[in-house]
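Please read the structure below before turning to the comments.
The values are calculated or read from the model by the stated rules, or taken from the named source; none is laboratory data. A quick note: this is a predicted structure, and the numbers were derived from the prediction, not measured. Every residue, glycine among them, receives a Cβ derived from its backbone with ideal geometry; neighbour counts consider all protein chains shown. For accessibility, only protein heavy atoms count, side chains too; no ligands or nucleic acids. Shrake-Rupley method; radii C 1.70, N 1.55, O 1.52, S 1.80 Å.
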Amino acid sequence: MADGSPERLLSDEERAQALDRFYLLRPVLEDGVPLRQLAQQHGLLLRTLQRWVARYHQEGLSGLVRKVRGDRGKHRRIPADLQRLIEGLALQTPPPTAAFVHRRIRDVAIQNGWAPPSYRSVAAIMQALDPGLVVLAHAGPKVYRETFDLIHRREASGSNEIWQADHTPLDLWLLDERGQPARPWLTVILDDYSRAVAGYFVSFQAPSALNTALALRQAIWRKADQRWHICGIPAQFYTDHGSDFTSHHMEQVSADLKMELIFSLPGRPRGRGRIERFFLTVTQLFLCGLPGYTPPGSLPATATLTLSAFEVEFQRFLLEMYHTRIHSETHSAPQTRWEAGGFLPRLPEALEHLDLLLLTVAKARRVQQDGIHVNGLRYIDLNLAAFVGEDVTVRYDPRDMAEIRVYHDNQFVCRAVCQELAGQTISLKELIQTRNRRRRHLRDHLDDRAAAVALLLEVHQADPVAAPTDAEPPTPRLKRYYNE
């Protein structure tokens with residue numbers, strides 16, 4: 001550059017435009033081709049090429065950028081008041097048409113002695129309005145926030161750093177326990193870094209703290225299927241502001257597990273697009289191939305699958321397709337990305353510690369002689385013999401009612417089983433032996449207490465006083481007649 005001033009930074013569009021003009025002028029700048037010959041060759045004015053060359057020598061590549069008029073977007077023939085009136089009418093709700101605004105503006109211009117603007121000028125002013133201003137005026141602040149507000153995307157740097165959780169109703173009809181068609185809800189916990197599914201829960205009931213607790217319990221603990229490796233306690237648990245996520249129970253669980261809870265703002269579920277994208281993947285790659293799939297706006301399809309059969313198919317989809325499929329954003333399979341780095345997930349000391357997640361399903365019961373009765377089922381265990389007549393707390397997994405966990409004074413007692421569901425039986429001999437041991441144990445306590453009382457009475461008993469020899473023996477008071 002001739003003046004030695006630094007060249008200003010250009011945008012991508014400006015740089016592309018300037019390079020096009022530079023390549024056109026290169027024969028003149030480097031090979032000495034006359035400008036008149038170049039103008040005839042490309043059909044350009046000689047004065048235009050002379051101006052481009054002069055600006056290139058003065059400003060460098062930035063001098064070849066097309067100059068923008070300072071009054072661009074302004075209509076010099078339309079008064080400012082009239083232009084503001086056009087913009088005000090265009091921002092009214094419901095949105096008016098350009099023809100309607102033009103008719104109103106023409107009447108106002110005539111009344112004020114102004115030259116009526118053309119329809120094209122009115123439409124140009126309406127089209128030049130700020131898109132954000134138009135959305136805010138016509139659709140409201142909520143749509144404006146979702147469209148134009150800057151968002152903060154949480155980026156995890158490793159597996160189990162951030163987990164996301166959410167619920168969605170599935171576009172699918174299944175058969176419930178009564179054989180009636182019903183739509184299930186899916187609760188999913190997703191690892192933010194790998195996009196792998198750590199846990200899920202499917203139910204016909206609406207989202208609740210129970211669904212979240214059961215999904216989180218499955219996500220944290222080791223899976224029975226050896227192909228599903230995702231487990232551990234996340235550093236952060238990111239959810240929306242639903243009541244099931246913001247409950248005191250979830251706060252207590254997060255404190256016990258040393259897991260930080262992070263909530264999106266109420267009514268602004270932004271930054272959770274990854275789990276929403278997973279729900280879309282489930283619909284596009286899995287649900288659409290199942291019987292009973294019903295897209296929005298279509299008539300309900302015939303339900304043929306049960307909830308348990310659906311869970312089998314869904315887990316097969318997760319392990320055999322989704323976890324092994326290359327993700328479009330991470331360019332890696334979720335299972336492979338989660339295992340990368342060879343880290344050791346942080347796990348609870350025992351599965352019993354995770355039972356705290358099920359405290360919302362806790363019921364007080366009294367141990368009867370034939371066991372514990374819950375939801376019309378009878379549960380029995382040998383350890384219950386010591387608690388007959390005692391009040392206990394039972395906790396259970398609604399997905400598996402074959403057993404319940406029994407607690408007495410917040411201490412774990414046993415796992416009692418329902419013989420009808422679990423297929424397990426306790427023989428009469430074992431039951432009699434347990435009862436006999438219990439009675440012997442109580443008899444030993446009674447003998448020990450009786451011995452202590454006898455010893456105490458013997459120590460404190462005074463010497464007996466001898467009775468006088470001349471005293472007459474007491475007359476027995478036997479009633480021989482009714483009047484006595």
Test: residue in segment 125-144 that is touching a strand residue (DSSP E or B) at 6+ places or on another chain (Cβ under 7 Å), over 25 Å from L216 (Cβ atoms) and in a loop (DSSP other than H, G, I, E, B): no
Where the second residue is part of a helix (DSSP H, G or I) and the first is under 8 Å from S194 (Cα atoms) and lies in segment 329-346, which pairs have Cβ atoms under 7 Å and are six or more apart or on separate chains? T330/R337; P334/Y322
In segment 364-408, what count of residues is obtained for those that are buried (at least 16 other Cβ atoms within 10 Å of the Cβ) and on the phi > 0 side of the Ramachandran plot? 1
So the check is Cβ under 6 Å with 6+ separation or different chains; which pairs have a first residue in segment 223-245 that's at pLDDT below 80 and a second one that's not in a loop (DSSP other than H, G, I, E, B)? H241/F263; D244/A209; D244/T212; F245/T239
Run R195 past the list (1) modelled with pLDDT of 80 or more; (2) out of contact with any strand residue (DSSP E or B) (no Cβ under 6 Å at 6 or more places or on another chain); (3) charged (D, E, K, R); (4) open to solvent by 20 Å² or more (accessible area, probe 1.4 Å) and report the number of the one that doesn't hold. (4)
Between a residue in segment 427-455 that is in a helix (DSSP H, G or I) and any residue that is at pLDDT 75 or above, which pairs come within a Cβ distance under 7 Å, given they are 6 or more apart or on different chains? E430/L382; T434/L382; T434/A385; R435/A385; R438/A385; R438/A386
In segment 19-41, anything open to solvent by 60 Å² or more (accessible area, probe 1.4 Å), charged (D, E, K, R) and within 60 Å of the chain's Cα centre (by Cα) is listed as D20, R26
Would you mind stating whether A350 is free of Cβ contacts under 8 Å to residues at least 60 places away in the same chain and surrounded by 16 or more Cβ atoms within 10 Å (Cβ to Cβ)? no
Mind listing whichever residues of segment 297-324 are assigned to a loop (DSSP other than H, G, I, E, B) and either over 22 Å from the mean Cα position of the chain (by Cα) or among the polar types (S, T, N, Q) (or both)? G297, S298, L299, P300, A301, T302, A303, T304, L305, T324
Anything in segment 321-334 that is open to solvent by 20 Å² or more (accessible area, probe 1.4 Å) and not hydroxyl-bearing (S, T, Y)? List them, or say none. M321, R325, I326, H327, E329, H331
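Among the residues of segment 154-181, which ones are among the aliphatic types (A, V, I, L, M) and either surrounded by fewer than 16 Cβ atoms within 10 Å (Cβ to Cβ) or farther than 16 Å from G292 by Cβ (or both)?
Within segment 154-181, A156, I162, A165 meet the criteria.
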The condition of being part of a loop (DSSP other than H, G, I, E, B) and at pLDDT 85 or above holds, among A115, A109, only for A115
Filtered residues of segment 393-415 (kept if under 29 Å from the mean Cα position of the chain (by Cα) and either hydroxyl-bearing (S, T, Y) or modelled with pLDDT under 80 (or both)): Y396, D397, P398, R399, D400, M401
